[in-house]
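A quick write-up on the structure given underneath.
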Amino acid sequence: MIGLRLRLTAAFTAVALLAALLASGISYVLLRRVMLHRAQYTVLTDVRKTLTRQVPDELPPDVTPLIGAQLEDALEAVPGRKAAAVPMRLDGGVNLPPRNKLDVPVSTEFAMRAMRKLVFQRVIRDGTPYLLVGTRLDGYVTTSEEPQRTVPPMVYVSASLSRESADLRLLTNALVVADALALGSAIVLALLATRGVLRPVRRLGVAARALGDGDLETRVEVRGRGELADLARTFNDTADALERTVTELRVMEAASRRFVADVSHELRTPLTSMIAATDVLAEQAATGADGDGDGGAARLVADETRRLGLLVEHLIEISRFDAGAAVLVLDDVNVLDAVAATLAARGWRERVTVDGPADLFVRLDPRRFDVVLANLAGNALKHGRPPVSLRFARADRAGVEGVEVVVTDRGPGLPDDLIAVVFDRFVKAEAARSRSDGSGLGLSIARENAVLHGGTLEAANDPDGGAMFTLWLPAGPEEDHA
Amino acid sequence: MIGVHAARWAALTALAAVLAASGCGIRPTGIVDAGNPPFARGYADTITVYLVRGGMLRPVTRPGIPGRPYLAVEQLHVPTTPRERTVGLHTEVHRALTVQAVNEGLGSTFERPWPLAVQQIDRSMSPGWSRTAIAQIACTAEAVPGIEGVILVGASNTGDGGGTPVSCRQFADLLP
């Protein structure tokens with residue numbers, strides 16, 4: 001793909017070159033014609049005038065050689081010309097001038113034509129152009145007997161055109177130089193002109209890229225009234241429409257998120273009371289003497305209510321992420337201590353094998369780190385099979401220092417169709433979603449936390465069997481909004 | 001874009017073809033007519049030549065040639081024209097003559113009219129001019145305006161630079 005500038009420059013230059021060549025070609029041809037016409041006209045007129053003036057209409061007998069010599073002298077007065085006068089034959093044949101008398105030989109055909117008219121021919125001989133002129137005389141009086149004695153001779157003249165040839169060479173050289181200069185200035189002008197043409201195009205390109213990168217307020221200045229101005233106007237209109245639509249969509253999305261957040265908040269208070277109440281009910285039912293059945297039902301209501309409470313908590317958390325309200329509270333954390341604390345708090349200390357350096361300090365948000373670790377370990381314990389292991393180590397990614405935490409289990413692993421969507425909201429491994437006791441938001445929240453740190457969270461299957469979740473966090477993320 | 005390119009190249013090729021066809025430098029041509037032959041319209045005074053009939057001199061006129069004042073003397077040896085022959089005229093001078101006005105090139109002190117030096121072109125042969133021939137030469141020469149008297153070179157003493165002056169008056173008996 002050749003650049004627009006190069007193409008424009010090439011086209012510009014080609015047009016200029018074409019124009020220059022055409023102009024010089026035409027002027028060359030015209031000048032050559034004029035020059036040759038003038039030269040030929042001069043020679044022909046000289047011949048005509050000399051003959052008319054030098055030959056009387058009636059000749060004394062036997063003066064052909066005399067008058068011939070006189071004509072030759074007169075015609076050869078101009079340098080570069082040679083003349084030959086030969087007696088005219090009256091039997092229809094022609095006498096040719098002796099070889100070497102003229103610069104070019106005279107053909108019989110030329111001589112025959114010269115018997116009737118004043119004729120000329122341009123001939124190149126040994127690289128030099130010559131004009132050959134031949135004619136007889138007309139309007140003379142002769143005698144009926146012995147006419148041969150009083151007929152004026154035929155005359156041939158060869159005139160060198162080497163001066164015209166030299167002039168033409170000079171002209172050619174001048175034209176070549178002029179064309180070269182024209183070509184050079186055309187290239188310079190083309191480069192300047194294309195820069196002017198392409199500047200708005202480049203501005204449009206920059207603006208389009210900015211728009212593509214999400215800067216919806218990008219507009220370009222509309223200058224002039226050409227096609228490019230039209231294009232700029234269209235670009236601005238499109239950007240307007242896009243901004244309007246995106247703004248509307250954002251407003252709608254924000255509204256729906258706020259709605260979810262509001263609903264979650266509104267649900268939290270009654271749910272908290274309900275959880276407390278159902279716990280009491282379940283307690284009473286378990287200790288009461290009324291019967292076993294009621295105790296089970298009350299316990300079920302209490303569990304489900306607690307799950308509902310968890311779901312609401314998760315919804316509130318994720319809506320905070322969506323609203324961009326989540327902030328990092330960074331601290332220097334010993335990773336081993338943080339892992340141990342997380343596992344101890346949930347009573348998983350015996351069930352998870354921890355492996356990692358004891359002196360690894362990382363700057364991160366300990367609360368969020370705890371949430372992620374708890375979620376990953378909990379999932380492994382809940383859905384996988386032991387032994388569940390948690391390994392962490394220092395790991396640099398793309399030149400950035402960081403820490404990598406890998407949680408693996410020995411379970412069946414993730415179904416292939418689930419790997420791609422495992423971090424999406426409300427995605428669960430079990431077909432019977434309703435019976436799962438997770439909220440379906442845990443991994444989403446874990447991922448949001450990792451991203452908030454500027455890190456990543458990936459899911460994969462261990463080649464040795466079992467699911468493998470890899471968390472990577474940079475060692476010292478930027479403290480944004482903190 | 002292809003079409004534009006093709007058109008551009010076609011134009012360039014056509015231009016090159018035109019230039020190549022017309023060629024650089026001067027091209028040869030065929031034989032070209034440039035009008036009718038020139039008319040012979042030179043002006044020259046007629047000349048008077050003395051011919052012989054019945055032993056007597058007879059002046060006749062012939063057309064002249066521009067720039068050849070002494071053509072009459074040079075014409076003496078030329079065979080007479082058919083028309084002159086029909087009236088019985090002939091010439092006694094049989095060999096070509098060359099003439100030179102004596103004022104030219106000899107450091108002469110002659111004033112116009114000056115004499116004319118006449119000699120035979122072919123000097124190896126004796127002129128062998130008869131009296132009539134000498135009379136023809138003398139009278140024809142004196143008929144040229146501005147000429148008086150003739151110096152015959154090589155007539156008697158063979159080419160030693162000297163010459164025999166003659167005049168038409170000496171041959172009054174041959175004139176009509």
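The values are calculated or read from the model by the stated rules, or taken from the named source; none is laboratory data. Everything numeric here is computed off the predicted structure, so don't read it as measured data. Cβ atoms come from the backbone with ideal geometry, glycine included; neighbour counts cover every protein chain shown. Accessible surface is based on the protein model in full, side chains and every heavy atom, while ligands, DNA and RNA are left aside. Shrake-Rupley method; radii C 1.70, N 1.55, O 1.52, S 1.80 Å.
Exactly one residue among A:A297, A:A261 is closer than 30 Å to A:L452 by Cα and modelled with pLDDT under 85, and that residue is A:A261. Checking each residue of region A:119-138 against the condition of being surrounded by 14 or more Cβ atoms within 10 Å (Cβ to Cβ) and more than 10 Å from chain B (Cβ to nearest Cβ) gives no match. One residue stands out among those in region A:72-82 that are farther than 13 Å from A:D103 by Cβ and free of Cβ contacts under 8 Å to residues at least 12 places away in the same chain: the one that is most open to solvent (accessible area, probe 1.4 Å), which is A:D73.
Within region B:31-150, which helices (runs of 4 or more DSSP H) (wholly inside it) include 3 or more residues that are in contact (Cβ under 8 Å) with a residue 40 or more places away in the chain and away from every other protein chain (no Cβ under 13 Å)?
The helices (runs of 4 or more DSSP H) meeting that bar are B:131-143.
Taken over region A:102-118, the residue count meeting the criterion of being more than 7 Å from chain B (Cβ to nearest Cβ) and open to solvent by less than 60 Å² (accessible area, probe 1.4 Å) is 8.
Out of curiosity, is A:P98 under 30 Å from B:R83 (Cα atoms) and surrounded by fewer than 15 Cβ atoms within 10 Å (Cβ to Cβ)? No: the conditions fail for A:P98.
Scanning region A:43-66 for residues that are open to solvent by 60 Å² or more (accessible area, probe 1.4 Å) and more than 7 Å from chain B (Cβ to nearest Cβ), which turns out nearest to B:T81 (Cα to Cα)?
Per the stated criteria, the residue is A:P65.
Filtered by the rule that a residue be outside any strand (DSSP E or B) and either more than 7 Å from chain B (Cβ to nearest Cβ) or at pLDDT 90 or above (or both), region A:139-160 gives A:T142, A:S144, A:P147, A:Q148, A:R149, A:T150, A:V151, A:P153.
Among the residues making up region A:147-166, a single one is over 20 Å from A:R116 (Cα atoms) and open to solvent by 70 Å² or more (accessible area, probe 1.4 Å): A:R163. Of the candidates A:L36, A:L132, the single residue that is in a strand (DSSP E or B), modelled with pLDDT of 90 or more and in the same structural domain as A:T150 (by TED's automatic domain parsing) is A:L132.
Scanning region A:365-424 for residues being open to solvent by 40 Å² or more (accessible area, probe 1.4 Å), of a type in the set (A, V, I, L, M) and either free of Cβ contacts under 8 Å to residues at least 24 places away in the same chain or farther than 22 Å from A:P463 by Cα (or both) gives a total of 5.
Here A:A85 fulfils each of the conditions (1) crowded, with 20+ Cβ neighbours inside 10 Å; (2) free of Cβ contacts under 8 Å to residues at least 60 places away in the same chain; (3) more than 11 Å from chain B (Cβ to nearest Cβ) apart from (2).
Can you find even one residue in region A:182-196 that is open to solvent by less than 50 Å² (accessible area, probe 1.4 Å) and within 20 Å of A:I26 (Cβ to Cβ)? Yes, that holds for at least one residue. Within region A:217-247, which residues are in contact with a Lys or Arg (Cβ under 9 Å, 6 or more places away or on another chain) and in a helix (DSSP H, G or I)? Within region A:217-247, A:A229, A:A232, A:F235, A:N236, A:A239, A:D240 qualify.
Being open to solvent by 20 Å² or more (accessible area, probe 1.4 Å), more than 10 Å from chain B (Cβ to nearest Cβ) and not hydroxyl-bearing (S, T, Y) is a description that applies to A:V34. Taken together, the criteria exclude A:L390 from residues that are modelled with pLDDT under 85, at negative phi and in contact with a helix residue (DSSP H, G or I) (Cβ under 7 Å, 6 or more places away or on another chain).
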